[in-house]
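Below is one structure; the comments refer to it alone.
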Amino acid sequence: MNHRASQIVLATAIIAALALLAGEATTPLLYTAANTSTAAHVDPATVPKQTGRDADALIPLMGDLLSQTGTLTLNIKLKDYESAERDLARYAELSGRFDRLVINLDVSGTDIGEFQRNNRENLAALAALLNDTRRLEDLQRIEIDIQDDEGQRTTVIYEGETLQQKLQGGVTTYAGRENATIQIADRYGVNTTPYRESVRNYVEITGAVEAGGEKSPPSPLGIAVAPDTGRYGDTFSIAGTYAGGSPGTPVEIYVDSRIAGNATLDENGAYTSIYRIDRIPAGLHLAYAVAGAIYSGVTPFSVRQDDTAITLTLGEGEVCTGSLMTAGGRPVTLAPVFLRVDGSTPVETRTDENGTYRASLALPAGEHAIRAEFNAAGYPLNASESPTETIVVRNEGLSPLPFIAAIAAALGSGWYLRRRNRPEEKAPAAEPEESRETEATITPPQADIAGLSPREAATVLFWALRSRLGLPDTNTPRDCARLIPAHAGFFERYEQIRYAGETPSEEELRAMKEEALGGEERAA
Amino acid sequence: MQREAWAVLLILFLAGAVVYAHATTTTEEYSRYNPGWNGTSNLPAEEIRDLADLDPSTILLILAPDRPFSPDEVGSLRAFLDAGGRLLIADEEGNANPLLADLGSSMRVRPGNLSSLNRDHVNPGLFTVSVVGNDTLFAGVETARVNRPAAVEGGEPLLETSPFTWDDADGDGRISGSEAFGTAVVCAREGNLTVLGDASLFVNAMFAENPKFIENLQPIRVDGIHSRTGTKSPIINTLVWIRTTPPAGAAIVALGVLPVAWIFGRKRDE
Amino acid sequence: MTGAKKCYAATVLAAWLITIAFFMVLSRTLDLEVFFVLSLIGLLVIAVLIDGAFSRPRYMRHIGYLIAAGVAIFAYIVAQKILEILAA
């Protein structure tokens, strides 16, 4: 009874343990010492390392950017335009790297972000400076060549006039950024001498240009921008007349050296075009028109800074949607939006025509914090970020492959074990047959085991029981156990004694003798 | 039966060893009986319990103090400093500020949530600072890793953070809102008095991060009364008391030996 | 009737399981998959060591099924880990 009870207890314990384990089977990692920390310190062994966010590169990069402006303006001043081109390309590359670093380090909201925005405007301004001064020099050469042709000469003069006005406007804005940039650079110990020099060079270049040109009559192509100030999303009307222009002439409108619109002269020689404020920085900008070869004068307009608001909603399947609007309710179209997951390197996406964006992220299982950010570099807008949303990603549905592997492994091991056991049954069956031949016919059970060694005694008892049960002599102990399950224990124990070299104890022999002769006593 | 007895004895012995290990260690922060990551059991320092007559040739470390200093103790420390001994106060919470005021120093510990971009780990409080100034403590060391330090005001700076450090007031791990970048000083000295704003440099887990600094510290003594290197566990305190008072040890041994001797004596009589 | 070998086998298996549990607690990481794989290795080693060439006691009769089930779960774990690595 005791034996039975202990078996039942063991069985219930096994089932309970397996049930508890099976309950945790879907999340096998029960516990890890992740991020152990107290108020005073964290355990550095449990904090993961991070890569790709090298803040040490920020200050040297800022220094490189400022020194690049110095060499670039120097080369322009010396009219070494090839070197200036190379400098400009390098400056653009460094600016791109700086932009990425600022976004990766998530410092857009600080004065580093302001430095980045100023740097972008500087880059655009210096590119324009290079192109304009080079064009002016070309024009001066052309002017000399075409001294006789009055018509062509006036067009060249008008273009020259436009370019000079552009340069004048450019100088004011470039110098206007000097103080803020130097203040930020000084705070971080960046060398600002090349940058100061670049401002002086810029002024010198523009001064030289102005002195070189002669006073010219105003251009016949007029231009006016209405209204003269606006915000992101506002539409300006750029219009003018070309006295003596032929109707149907195409007119190109430029804002800050980039083409901003097209128009055609109507029968009155007037043209009009709509310009929508999109991706240009806040501040003063210059617009001019070109009809055929005639350049108009330059007219300024200003763009005001505006605030933005960005929203973020998380949907099914880790899809993030949201909208980016200005404070005035205008959507910000085709703008880059960064989705930052768990404070690490962000994922870039873009808003569409309605100012909404949609992105689906590939996230591992677990809880994640997602935030949408708008960097606003190059826009007349302020940066904004959405509140952080948390998403819990569940484990995806189980794929069939592991189950197939498990079933295949079970079948394979079952087959292997079957194969391994089959020859074993054949071998013991052969052995007893040989030993059988050496012995005479078996006498009926006379289990006299006195004076025999324990193992021989067990053998005699086995023969006795086998013949008592009427089993043929060819049966091995295992066969007997299979045929007569009631005595299976006896036969199995005998099998161990005979073939595995175990020795039975006195009590065991006595029990075996009783079992072997038990039937006989009852029979007798 | 023999085998089972041996097995039982083995299990009892193992259980006894586990109980001993459990009872003689603790998980309190900064405790020298804490072999875990936030204990100071690996700090090779001698503990002293009396601030009078200190030897000026060693460095005295006051680690994360949480008890006030009496005027006598302040006087002893003053004498120690005047005799040429170096005093290193490592404090992250600002509890050492009254002591600093009493010692006549202008340095103060300003606790906060210093975070920096110059780091190798994801956690913004675990970052790198650079060594400025000339001091034997930081000889041969260019950068050190600190673990949620406090800023130190005043004195001559010895450890300075990078310019991209800010005090994360809202605890969101990034610079936002009204937080601004700035350089902070984490360790400063005034004569023989050095104030280190990061007591975490002495815990077991941080030893591997700043090995040269720990090497430069030797030989060092820890003020056992005021530092938080002790423990509240009565078992450990009793064991330490027994170890340090010879009469108590002798008494315990006598308690163990006398009954056995008496039993043997009785047996011989019979 | 209880063989000494059966006792030994069970004791050694239990000691092995306690050892691996001890080391997992020491390293502050409790992972069921690691525990299962290590215990399966222990079971296989013990099954090979106590298997007699000439007899198959009753407690060894059906260990084949247990081992097959263990290997099946092991194959499941391995396949899952491979999928995880491929997806990353």
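For chain B, averaging the sequence separation of C-alpha pairs within contact (under 8 Å, six or more residues apart) and dividing by the residue count gives a relative contact order of 24 percent. Net charge dipole, chain A: roughly 760 debye, given to the nearest 20, about the Cα centre with Cβ charges of +1 for Lys and Arg and -1 for Asp and Glu. Rounded to the nearest 20 debye, the dipole size of the protein assembly as shown about its Cα centre is 3260 debye, using +1 on the Cβ of Lys and Arg and -1 on the Cβ of Asp and Glu. In terms of surrounding Cβ atoms within a 10 Å radius of their Cβ, A:Phe403, B:Phe69 rank from fewest to most as A:Phe403, B:Phe69. Per residue, the average separation of C-alpha pairs within less than 8 Å and at least 6 apart gives segment C:4-87 a relative contact order of 32 percent.
Simple spin-label estimate for B:Glu47 and A:Ala226 gives 8.8 nm between the two label positions (7 Å along the Cα-to-Cβ direction from each Cα). Residues of segment A:311-335 with amide nitrogen under 13 Å from the 7 Å Cα-to-Cβ point of A:Arg258? Label zone hits: A:335. Using a simple spin-label model with pseudo-atoms 7 Å out from Cα toward Cβ, B:Thr27 and A:Ile15 lie 3.6 nm apart. When the Cα positions of C:Leu17, A:Thr173, B:Pro234 are compared along the charge dipole of the protein assembly as shown, C:Leu17 comes out farthest toward the positive end, with charges on each C-beta of Lys, Arg, Asp and Glu. Each Cα pair under 8 Å and six or more residues apart adds its sequence gap; the mean of these over the residue count of segment A:243-299 is a relative contact order of 34 percent.
From the Kirkwood radius over Cα pairs of chain A, Stokes-Einstein at 25 °C and 0.890 mPa s returns a whole-number translational diffusion coefficient of 76 µm²/s.
In the protein assembly as shown, a dipole from Cβ-located charges (positive for Lys and Arg, negative for Asp and Glu) runs towards its positive end, and of B:Tyr20, B:Thr136, A:Leu105 it is B:Tyr20 whose Cα lies farthest in that direction. If I require 20 Å or longer along the helix axis, counting alpha carbons, and a Kyte-Doolittle average no lower than -0.5, what helices from chain A are left? Use full DSSP H segments. Qualifying helices: A:2-23, A:58-77, A:81-105, A:193-212, A:454-468. Dipole magnitude for segment A:308-393: computed about the Cα centre from +1 point charges on Lys and Arg Cβ and -1 point charges on Asp and Glu Cβ, it is near 260 debye. When shorter helices are ignored and each DSSP H run of at least 4 residues is given -39500 (n - 2.57), the per-residue value for chain B at 222 nm works out to -9500 deg cm²/dmol.
Please work out the FRET efficiency for the pair A:Leu29 and A:Arg482, using the Cβ-Cβ distance as r and a Förster radius of 41 Å; give the result to the nearest 0.05. Efficiency for this residue pair is about 0.30. When the P(r) is computed for segment C:35-88, the part past 19 Å accounts for 40% of the Cα-Cα pairs.
Site pair A:Ile391 and B:Ala180 shows an inter-label distance of 3.7 nm when each label is modelled 7 Å from Cα along Cα→Cβ. Quick one: go through segment A:101-131 and flag any residue whose amide nitrogen is under 16 Å from the point 7 Å out along the Cα-to-Cβ line of A:Gln50. The answer is A:101-110, whose backbone nitrogens lie closer than 16 Å to the label point. Antiparallel beta bridges, as assigned by DSSP with both residues in chain B, represent about 60 percent of the total such bridges. Using the Cβ-Cβ distance between A:Arg97 and A:Thr235 with R0 = 45 Å, the FRET efficiency computed as 1/(1 + (r/R0)^6) comes to roughly 0.80. Here, the protein assembly as shown yields an orientationally averaged convex hull projection of 64.9 nm² when only Cα atoms define the hull.
When A:Arg468, A:Arg4 are sorted by how many other C-beta atoms sit within 10 angstrom of their C-beta, beginning with the fewest, the order is A:Arg4, A:Arg468.
Applying the Kirkwood pairwise sum to the alpha-carbon positions of segment A:308-393 produces a hydrodynamic radius of 12.9 angstrom. Amide H contacts for A:Gly322 (H built 1.01 Å from N in the peptide plane; partners 5 or more residues away or on another chain; cut-off under 5 Å): A:Thr313, A:Tyr357.
State the answer as a single residue: which of A:Asn201, A:Gly283, B:Leu201 lies farthest towards the positive end of the charge dipole of the protein assembly as shown, with beta carbon charges of +1 for Lys and Arg and -1 for Asp and Glu, about the Cα centre. Of the candidates, B:Leu201 comes out farthest on the positive side. When the Cα convex hull of segment B:46-223 is projected onto planes of every orientation, the mean area is 9.9 nm². With 28 Å as the limit, the listed pairs A:Lys79/A:Lys166; B:Lys212/B:Lys232; C:Lys6/C:Lys81; A:Lys49/B:Lys212 have B:Lys212/B:Lys232; C:Lys6/C:Lys81 beyond it between alpha carbons.
Computed from the coordinates by the stated procedures, all read-outs in this text should not be read as laboratory data. Small disclaimer: the values here were computed from a predicted structure and weren't measured. Because the Cβ atoms are built from the backbone with ideal geometry, glycine has one as well, and the counts that use them run over all protein chains shown.
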